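**Q** This is the structure, below, for whatever I ask next.
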There are 4 protein chains.
Amino acid sequence: MKAYEINEFGIDNLTLAERETPAPKESEVLVKFHAASLNYRDLMMVKGLYNPRLKTPLVPFSDGAGEIVEIGEQVTKFKVGDRVTPIFMQGWIDGAIDNSKARTALGGDLDGCLREFGTFDESGLVCIPDHFSYEEGATLPCAAVTAYHALYCSGSLKPDDTVLLQGTGGVSIFALQLASVLGCRIIITSSSDEKLEKAKELGATDFINYKTTEDWDKKVLELTEKRGVDHVVEVGGAGTMAKSVNSVKVGGHIAVIGILTNNGDFNPTSILMKSVRMQGIFVGSRQMFEDMNRVFCQHTHLKPVIDKTFEFGEVKDALKYMESGSHFGKIVIKF
Amino acid sequence: MKAYEINEFGIDNLTLAERETPAPKESEVLVKFHAASLNYRDLMMVKGLYNPRLKTPLVPFSDGAGEIVEIGEQVTKFKVGDRVTPIFMQGWIDGAIDNSKARTALGGDLDGCLREFGTFDESGLVCIPDHFSYEEGATLPCAAVTAYHALYCSGSLKPDDTVLLQGTGGVSIFALQLASVLGCRIIITSSSDEKLEKAKELGATDFINYKTTEDWDKKVLELTEKRGVDHVVEVGGAGTMAKSVNSVKVGGHIAVIGILTNNGDFNPTSILMKSVRMQGIFVGSRQMFEDMNRVFCQHTHLKPVIDKTFEFGEVKDALKYMESGSHFGKIVIKF
Amino acid sequence: MKAYEINEFGIDNLTLAERETPAPKESEVLVKFHAASLNYRDLMMVKGLYNPRLKTPLVPFSDGAGEIVEIGEQVTKFKVGDRVTPIFMQGWIDGAIDNSKARTALGGDLDGCLREFGTFDESGLVCIPDHFSYEEGATLPCAAVTAYHALYCSGSLKPDDTVLLQGTGGVSIFALQLASVLGCRIIITSSSDEKLEKAKELGATDFINYKTTEDWDKKVLELTEKRGVDHVVEVGGAGTMAKSVNSVKVGGHIAVIGILTNNGDFNPTSILMKSVRMQGIFVGSRQMFEDMNRVFCQHTHLKPVIDKTFEFGEVKDALKYMESGSHFGKIVIKF
Amino acid sequence: MKAYEINEFGIDNLTLAERETPAPKESEVLVKFHAASLNYRDLMMVKGLYNPRLKTPLVPFSDGAGEIVEIGEQVTKFKVGDRVTPIFMQGWIDGAIDNSKARTALGGDLDGCLREFGTFDESGLVCIPDHFSYEEGATLPCAAVTAYHALYCSGSLKPDDTVLLQGTGGVSIFALQLASVLGCRIIITSSSDEKLEKAKELGATDFINYKTTEDWDKKVLELTEKRGVDHVVEVGGAGTMAKSVNSVKVGGHIAVIGILTNNGDFNPTSILMKSVRMQGIFVGSRQMFEDMNRVFCQHTHLKPVIDKTFEFGEVKDALKYMESGSHFGKIVIKF
């Protein structure tokens, strides 16, 4: 079978290798992948910015979707033909995260999904909602679960809450959709009025172009009559953290999900002075994934927003497209 | 009556003014103060470092204790002779903090306790545990409630938890005592072996002299077999935040209580990568105070640790003593 | 001013008395009532079934709405002309309930709202949402807050949850509306197909006529593929509790809000065997009321469902109408 | 190997069968049992009172302890020689309980521990604390985890809480020990002054002989100055539930863990009127078990209280001894 491998860092150093198709052990299933999706983490992993001591060769990309083509003899949860996606951390089934669960992430600790076939323990998979295609299913494991965890689990989101979303990447757009289910007030930032317009169609209620309104934190306070928002989904970027703390209410919640390359002038004292809760959100458990899928199944108008689909042979183009930052929602690879 | 006032910033600019003794309104009581205690916030307030736009004249010091000498006609909770201490934020009775509650702090938003008499709404006071003196009672409102909130409320401390405490100031020592009630493992840092010895007597179990062990975060990981601690009570200081995040376990809890003057090389990405919860703790509610007092009443061996007591006329000396940082526990003013 | 009084129990023994219009104290406001609403508790109170040792004379009815016509000199939260409703328990502002807060309920511990004027401490009132009339505002304090507390606070309701509602009284209909905001699956029971049809218009998704389907618990299990529902809002009635436990999922939540006159064959063992959480919901705090009002303000299509409006002189008719049990939503008195 | 089997109900119908020693599958381990302990559920199971439709033959007893003598080739968590105990529900690893997890209990859904050898998936075992013998380890899975779940997880026990314990069976005594770690006030009931004396040695603070004080709920209110206790660990018995609700504070917590054979005059209305939270506690997850073991490891003075030890051949005597109700703590079988 074919599998992409990181052997040396750099997009152009990704190699397409020939590997033996694995056979499932007693409690494993064999998945034939039909789609994968990109996250910013994957881009950093390929470029060597995420973990410079990454063990190689590694199959990149945490997110994929496919069908089960073979099952081990002890498997009871799945059958051949089931449409599934592996969970991000194979070892995080339920409950709180811990160190050992955290070290089971696909496309990092373990081989990822950018390959034709993969074996997974049956405990490490969830079914794709019936009304989602493989491409749509492949967008869920990292970005959608992160958004669900941030708002529904860590944030206990309520219909009267106001949410601040930064940019229009995968997590932000899933967060937008999940917050719109509750009819929340949703403030979203972007550098593009066109993208803000698209966000409006998905349910955002307030819009800030951070190119034209550099002090977007002041604008957030203005929009909320100086109270600040209940939740910030902090996706990182130059100096966003300080602005996020400015934007949140006293006693508010900041879900930290982004790989911050620059913490600007952030002073943690502000966490104290505003009694802020800052929660690092590293994707989520299988239980969260299953709970989230029930939301999608009950609210079938919600569909993952796919910006662009690339072929299996165009993975490098897809990574460069992500690097350009011009996407709205998810970038997908179709096998 | 006599009252200290901040009119201009600076310890030596504190003035002792003559004010009219106030009369309690319908739902108010008149408290005759017998003691006050110092917090680092008070020192910063006096020096103008906490709030440069402070409205003056202001009576400083949030923490005091006294007896009720007169009550308004609607008062039902208290009677003349009751031994009480005002709560830190007069408006934070119960539930979550919000912006308006946060703006009712004594010795900042409102006149504090460094005066002979003060009137308070009956909702803004708690009784001092019977076995505590006025000096002991005066140590509770800010430091003890902060420690209680951090560990018991935000942290839901359990007997198998490991707690990291920084230094031997008022909050750290109360946190030490409150964690010792549960028999927790308690790692404490100090620049002085003598202070570490005192901490041992109060129940600390592991000790790091950060003068001789500069990389105390590595020592913490070593002591916890690389797992990290469950809770850090982060009291601030040069570059402590980065070390605190290093010291905490994946999924752990950092209670941010200190006025951080220097965030060193702290990179918020680490919050994400370790799924850390960082909670700003700004003292606590009256309900927390009352709950905490029940702990003191049930565990009568716990006594506030008073480092040194100054007379009412020696307030400036007391502030300078705090500035020197050589205390262990609380500094108290006796009226 | 005119005020209804319970002097002896029984609907027909309600008396319309002449009382002196009260004057507000320093921190009080004087409310001129324009509307009141009925709860089942009021009916029981009047009939002597709620508290046989009730101190009389008592002004009945916990729920009312009016405008502020005078304020005490210390009042800061309100001004003359504000449209308000008193909270159910005058002493439950925030946080958890306790014994002393529980003993401050209007129309029971304290005089209620069936009078032309009343004085209330400014801490015991909330503003009515602007788009609600006095009649609509008067429906909120008991029934709506109970539903909000049950589903949003105790239940942490999520969009993928399934809710079981019993009958079409005031609490059930508010619960229906509040659950519909999240797009939850909502199963509702009634003895009338006509009422079920109305419930459908408000967002209910599944319907059981318990006259024709006596074993409605089995029907609930059938509708949920044997899983059971996430939440039951248990409003009481003959033998409902046992059926409610049958209907709820393993690990599910039953909000107990009804005055149960008959516990039928209920065996608490079932609580253990299904790991059920059963939470008594006794209305809620002012904070919950304010949070709920923000939901109404953000989702302006939600309007209290008023079944019938009576004049101030028709209070006895209103009580008898409630006794008949034929209402859908709230019964209101207009002053 | 030898294994006890339920083929027909009744203590004297228990049979000692010869079975083939099982071989571990890839992810399984083979445990050689050295001890087992009895719970009331086991007695009911044997007598056919727990589940009349039990699938037989079934090896009874959920709780056992032994050493690993063989491991499957995929096993990574354990090695030969490890001292372990299987968890009560093999499928409840972490997070909340659900229907499928609940159906994996040993000695009920699955074969239990009253046999010389058993195979278990490596996910279904925990290590015994080093300082516990096999007999002591065998007491933990059901009784100790139930007590931990009830007080520490469901109850979030705090040092200032007051706990009411009923009788001196296994769960009550573990609850007593776990509450004593926090220095809680602990009220315990028994029919024997001698047992109350023993409870005092373990840390109980208040004692009620329910033979001589039949209205023990009134005594509890008297002891708590009418406030009621924070937590009741309700272990069942004739009419205890109504008394438990009387004994608990407004807003208090009742952990329902007992198989109630008689609900007396219990009226669920009281749940509402006192805003009680009643939580069914069906043992607990592996995560809770591991967390609890850390408490035992940190507080090594806590030792499981073993009332009496029987030989493997004396199982029927052990069951009859439990039936007599004269035990204090746990009854153990030594292999």
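The values are calculated or read from the model by the stated rules, or taken from the named source; none is laboratory data. A quick note: this is a predicted structure, and the numbers were derived from the prediction, not measured. Cβ atoms come from the backbone with ideal geometry, glycine included; neighbour counts cover every protein chain shown. Quick note on the areas: whole protein, heavy atoms, side chains included, nothing else; ligands and nucleic acids left out. Shrake-Rupley method; radii C 1.70, N 1.55, O 1.52, S 1.80 Å.
**Q** Set the Förster distance to 30 Å, then compute FRET efficiency between A:Lys226 and C:His131 from the Cβ-Cβ distance, nearest 0.05.
**A** Working: r = 23 Å, r/R0 = 0.78.
The pair A:Lys226/C:His131 has a calculated efficiency of 0.80.
**Q** Report, as an integer, the average count of C-beta atoms from other chains found within 10 Å of each Cβ along A:273-286. Don't skip to the answer; put the middle values down first.
**A** Numbers: counts 6, 5, 14, 5, 6, 10, 7, 15, 3, 8, 1, 0, 2, 1.
Counting other chains' Cβ atoms within 10 Å and averaging over A:273-286 gives 6.
**Q** Here's another thing I want to ask about it. Give me the accessible area of A:Ser123, 1.4 Å probe, in Å² rounded to the nearest 10.
**A** Only protein atoms counted, so the area is about 40 Å².
**Q** Please identify the GluC sites (Glu not before Pro) of segment C:12-43 that satisfy two criteria: DSSP loop assignment and at most 16 other Cβ atoms within 10 Å. Which are they?
**A** C:Glu20
**Q** In addition: Please report, in debye to the nearest 20, how large the charge dipole of segment B:145-280 is about its Cα centre when each Lys and Arg carries +1 at its beta carbon and each Asp and Glu carries -1 there. Could the numbers behind the result be given before it?
**A** Working: 14 positive and 15 negative charges, 53 e Å.
Dipole magnitude for segment B:145-280 comes out near 260 debye.
**Q** Taking each full run of DSSP H in chain C as one helix, which ones are at least 30 Å long along their axis (Cα atoms) and have mean Kyte-Doolittle hydropathy of at least 1.6? If you can, show how the numbers build up before the last one.
**A** On the way: long enough: none.
Span-like helices, by this rule, are absent here.
**Q** Once the cut-off is 38 Å, how many percent of the Cα-Cα pairs in chain B end up in the long-distance tail? Don't jump to the answer; show the numbers that get you there.
**A** Details: 7582 of 55945 pairs.
Summing the P(r) of chain B above 38 Å gives 14 percent of all pairs.
**Q** Along Cα→Cβ at 7 Å, what distances in nm separate the A:Lys303 label point from those on the other copies, shortest first?
**A** Label-point separations across copies, in nm and ascending: 3.5, 6.9, 7.4.
**Q** Indicate, rounded to the nearest 5 percent, the antiparallel portion of the DSSP beta bridges found entirely in the protein assembly as shown. Walk me through the intermediate numbers first.
**A** Numbers: 118 of 226 bridges.
Of those bridges, close to 50 percent are antiparallel.
**Q** Same structure again: Karplus couplings for segment B:90-95 from phi (6.51 cos²θ - 1.76 cosθ + 1.60, θ = phi - 60°), rounded to Hz, Gly and Pro as x?
**A** 4, x, 9, 7, 7, x
**Q** Go ahead and estimate [θ] at 222 nm for chain C from helices alone: -39,500 (n - 2.57) per DSSP H run with n ≥ 4, summed, over the residue count, rounded to 500. Kindly include the intermediate steps, with their values, before the conclusion.
**A** On the way: 11 runs with 85 residues, N = 335.
Value at 222 nm, helices only, nearest 500: -6500 deg cm²/dmol.
**Q** Could you identify the residue of C sitting closest to the C-D rotation axis by Cβ and state that distance rounded to whole angstrom?
**A** Its Cβ sits closest to the axis: C:Met278, 2.
**Q** In terms of modelled amide H atoms, which long-range or inter-chain residues lie less than 5 Å from the amide H of B:Asp63?
**A** B:Ser37, B:Cys113
**Q** Select from segment C:172-277 those trypsin sites (Lys or Arg not before Pro) which occupy a DSSP coil region and have at most 12 other Cβ atoms within 10 Å, ordered by residue number. Walk me through the numbers before you get to the answer.
**A** On the way: sites: C:Arg185, C:Lys195, C:Lys198, C:Lys200, C:Lys211, C:Lys218, C:Lys219, C:Lys226, C:Arg227, C:Lys243, C:Lys249, C:Lys274, C:Arg277; in loops: C:Lys211, C:Lys226, C:Arg227, C:Lys274.
Counting only loop positions with at most 12 other Cβ atoms within 10 Å, the trypsin sites (Lys or Arg not before Pro) in segment C:172-277 are C:Lys211, C:Lys226.
**Q** Suppose every K and R has +1 on its Cβ and every D and E has -1 on its Cβ; what is the size of the dipole of chain A about the Cα centre, in Debye to the nearest 20? Walk me through the numbers on the way to the answer.
**A** Working: 36 positive and 45 negative charges, 160 e Å.
Approximately 760 debye in magnitude.
**Q** Same structure again: To one decimal in nm, how far is D:Ser156 from the same spot in the other copies, if labels go 7 Å from Cα toward Cβ? Please give the shortest first.
**A** Label point to label point, same position, other copies: 0.7, 0.8, 1.0 nm.
**Q** Can you list residues from other chains, or at least 5 along the same chain, whose modelled amide H is less than 5 Å from the amide H of C:Val126?
**A** The answer is C:Thr85, C:Ile87.
**Q** Now for a separate question. May I ask which residue of C:Ala35, C:Leu164, C:Trp92 lies farthest towards the positive end of the charge dipole of chain C, with charges of +1 (Lys, Arg) and -1 (Asp, Glu) on Cβ and the Cα centre as origin?
**A** The residue sitting farthest along the positive end of the dipole is C:Leu164.
**Q** Can I ask one more? Could you report segment A:145-280's accessible area per residue, 1.4 Å probe, as an integer in Å²?
**A** On the way: 4420 Å² over 136 residues.
Here the residues of segment A:145-280 average 33 Å² of exposed surface.
**Q** Note the distances from A:Ser123 to each other copy's matching label point, with points 7 Å along the Cα-to-beta-carbon direction, in nm, sorted shortest first.
**A** Shortest to longest, the spacings are 0.3, 5.1, 5.1 nm.
**Q** Spelling out what I want: for every residue of segment D:7-12, take phi, set θ = phi - 60°, compute 6.51 cos²θ - 1.76 cosθ + 1.60 (Karplus), and round to whole Hz; glycine and proline get x.
**A** Karplus-based 3J(HN,Hα) across segment D:7-12 equals 10, 10, 6, x, 4, 6 Hz.
**Q** Of D:Ile87, B:Ile306, C:Ile257, which has the most accessible area with a 1.4 Å probe, and how do the rest follow in descending order?
**A** Values: D:Ile87 5, B:Ile306 55, C:Ile257 25 Å².
Most to least solvent-accessible, the answer reads B:Ile306, C:Ile257, D:Ile87.
**Q** Give me the inter-chain shielding for A:95-105: mean count of other chain Cβ atoms within 10 Å, whole number please. Before the final figure, lay out the partial values.
**A** Details: counts 9, 6, 5, 8, 8, 2, 4, 5, 1, 0, 0.
What the average comes to for A:95-105 is 4.
**Q** How much solvent-accessible surface does C:Arg294 expose, in Å² to the nearest 10, with a 1.4 Å probe and all protein chains in place?
**A** Per-residue accessible area (C:Arg294): approximately 80 Å².
**Q** For the protein assembly as shown, give the percent of accessible area contributed by carbon and sulfur heavy atoms, probe 1.4 Å, rounded to a whole number. It would help to have the intermediate numbers written out before the result.
**A** Values: 22560 of 48220 Å².
Carbon and sulfur together cover 47 percent of it.
**Q** Another question about this same structure. In square angstrom and rounded to 100, what buried accessible area do you get between chains C and D, total over both, with the probe at 1.4 Å? List each step's numbers first, then the result.
**A** Numbers: alone 14310 and 14310 Å², together 26170 Å².
Chain pair C/D: roughly 2500 Å² of buried accessible area.
**Q** Report the calculated FRET efficiency for D:Leu49 and C:Glu323 (r = Cβ-Cβ distance, R0 = 45 Å), to the nearest 0.05. Walk me through the numbers on the way to the answer.
**A** Numbers: r = 44 Å, r/R0 = 0.98.
E between D:Leu49 and C:Glu323, to the nearest 0.05, is 0.55.
**Q** While we're here: Per residue, what volume in Å³ does the convex hull of the Cα atoms of the protein assembly as shown enclose? Spell out each step's value before the answer.
**A** Numbers: hull volume 229.2 nm³, N = 1340.
It is 171 Å³ per residue.
**Q** Right, next: Would you pull out the residues with amide H under 5 Å of C:Phe310's amide H, same chain only if 5 or more places away, H placed 1.01 Å from N?
**A** Sorted by chain and number, the residues that satisfy this are C:Val332, C:Ile333, C:Lys334.
**Q** For segment C:125-132, what does the Karplus curve 6.51 cos²θ - 1.76 cosθ + 1.60, with θ = phi - 60°, yield as ³J(HN,Hα) per residue in whole Hz, taken in order and with x for Gly and Pro?
**A** Once θ is set to phi - 60°, the couplings for segment C:125-132 become 9, 10, 6, 7, x, 3, 8, 9 Hz.
**Q** In debye, nearest 20: dipole of the protein assembly as shown around its Cα centre with unit charges on the Cβ of K, R (+) and D, E (-)? All intermediate terms of the calculation are to be shown ahead of the outcome.
**A** Working: 144 positive and 180 negative charges, 1 e Å.
Here the protein assembly as shown has a charge dipole of around 0 debye.
**Q** Of all the Cα-Cα pairs you can form in segment B:145-280, what percent are over 17 Å apart?
**A** Values: 4859 of 9180 pairs.
In whole percent, the share of Cα-Cα pairs in segment B:145-280 beyond 17 Å is 53.
**Q** Please work out how much accessible surface B:Tyr40 shows to a 1.4 Å probe, ignoring ligands, DNA and RNA, in Å² rounded to 10.
**A** Near enough 120 Å² of accessible area.
**Q** Which percent, nearest 5, of DSSP beta bridges in segment D:145-280 are antiparallel? Walk me through the numbers before you get to the answer.
**A** Values: 0 of 21 bridges.
So the antiparallel bridges amount to about 0 percent of the total.
**Q** DSSP loop trypsin sites (Lys or Arg not before Pro) in segment B:36-83 with at most 14 other Cβ atoms within 10 Å of their Cβ, which ones?
**A** Details: sites: B:Arg41, B:Lys47, B:Arg53, B:Lys55, B:Lys77, B:Lys79, B:Arg83; in loops: B:Arg53, B:Lys55, B:Lys77, B:Lys79.
Listed in order of number, the matching sites are B:Arg53, B:Lys55, B:Lys79.
**Q** Within 10 Å of each Cβ in peptide D:297-307, how many partner chain Cβ atoms are there on average? Round it to a whole number, please.
**A** On the way: counts 1, 10, 4, 0, 1, 2, 0, 0, 0, 0, 0.
Mean shielding count: 2.
**Q** At 7 Å along Cα-to-Cβ for each site, give me the label-to-label distance between C:Lys211 and D:Thr309 in nm.
**A** So the two model labels end up 6.8 nm from each other.
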